[in-house]
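Engineer: One structure follows; several queries about it will come next.
The values are calculated or read from the model by the stated rules, or taken from the named source; none is laboratory data. Model, not experiment: these values are computed from the prediction. Please note: Cβ atoms are built from the backbone with ideal geometry, for glycine as well, and neighbour counts cover all protein chains shown. Note: accessible area is taken over every heavy atom of the protein model, side chains too, but ligands, DNA and RNA are not part of it. Shrake-Rupley method; radii C 1.70, N 1.55, O 1.52, S 1.80 Å.
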Amino acid sequence: MGNLTKKALLKHLNKSDKEDIIREVVTLFDKFKNVKEFYKSELAGEGNPMLSTYKRKIEEAYNKPNPKERTTNINLNKLIKEFKKVSIYDRELADLMLYRVECGIAAIKRDNKRSATFYNCIISTFEDAVKLIVADRSLDEFQKRIDNTVKNSSVGKFEMKESLEKIFQLLEPFDN
């Protein structure tokens with residue numbers, strides 16, 4: 001069989017009765033961690049508990065004594081990639097990414113002897129977050145955090161603040 005399309009899936013689901021579909025979803029839930037995490041966040045009601053869990057993991061990574069920058073960056077990139085698989089809302093992903101930037105800047109405040117790679121990871125995550133925020137048209141919700149992030153980035157080296165300002169200025173007009 002070739003690539004499965006959404007149309008083919010819908011055709012399959014329309015042919016199936018309710019009990020078969022329920023069995024399939026339960027099987028997917030039992031078999032795949034991502035499906036379980038997706039439903040955990042969907043059925044949580046207000047606020048996604050998975051978002052809080054991932055934020056805590058980011059904070060822990062940046063608060064480790066003597067962290068290895070490369071390992072921290074790799075692990076946080078994996079963490080965000082993992083969250084993308086279980087969250088369907090761009091707003092939540094943007095929130096998590098912006099939180100990573102905020103924690104990264106806090107880490108720089110504690111110790112500004114960081115590599116250019118560390119700064120580049122923070123800057124690229126900020127850019128990805130702002131792109132998501134602008135595309136989701138949720139700039140009003142995040143504006144204060146973005147402003148504070150840019151302001152707080154003045155503690156960084158490698159023209160970090162200027163880079164964040166430039167990113168935001170280039171993307172902001174597209175919100176209209």
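Engineer: With a 1.4 Å probe and all protein chains left in place, how much accessible area per residue does the chain have, in Å²?
Structural biologist: 65
Engineer: Check the straight Cα-Cα distances from residue 64 and name the lysines below 20 Å, setting aside those fewer than 8 residues away within the same chain.
Structural biologist: Cα-Cα hits under 20 Å: 55, 78, 109, 113.
Engineer: Okay, moving on. Which residue fluctuates most in the GNM of the chain (Cα springs below 10 Å): 19, 141, 60?
Structural biologist: 19
Engineer: Is the C-alpha gyration tensor of the chain telling us rounded, prolate or oblate? Criteria: a/c under 1.5 is rounded; beyond that, a/b larger than b/c is prolate, otherwise oblate.
Structural biologist: Verdict is prolate for the chain.
Engineer: Something else about it: For an R0 of 41 angstrom, estimate the FRET efficiency from the Cβ-Cβ distance between residue 145 and residue 31 and round to the nearest 0.05.
Structural biologist: 0.65
Engineer: Same structure again: Among the helices of the chain (complete DSSP H runs), which have Cα atoms covering no less than 18 Å along the helix axis and a Kyte-Doolittle mean of at least -0.5?
Structural biologist: Sorted by number, the helices that extend far enough and score high enough are 18-31, 90-110, 116-135.
Engineer: Turning to a different aspect of this structure: Where does the charge balance sit around residue 95 when Lys and Arg score +1, Asp and Glu -1, over other residues with C-beta under 11 Å from its C-beta?
Structural biologist: So the surrounding residues net to -1.
Engineer: With a 1.4 Å probe and all protein chains left in place, how much of the accessible area of region 1-141 comes from carbon and sulfur atoms, in whole percent?
Structural biologist: Summing carbon and sulfur atoms, their accessible area is 52 percent of the total for region 1-141.
Engineer: For each pair in 36/161; 6/166; 57/151, compute the distance between the two Cα atoms and list the pairs where it is over 29 Å.
Structural biologist: Exceeds cut-off: 36/161; 6/166.
Engineer: Evaluate the relative contact order of the chain (contact order divided by residue number), counting alpha-carbon pairs under 8 angstrom at least 6 apart; express in whole percent.
Structural biologist: So the answer I get is 18 percent.
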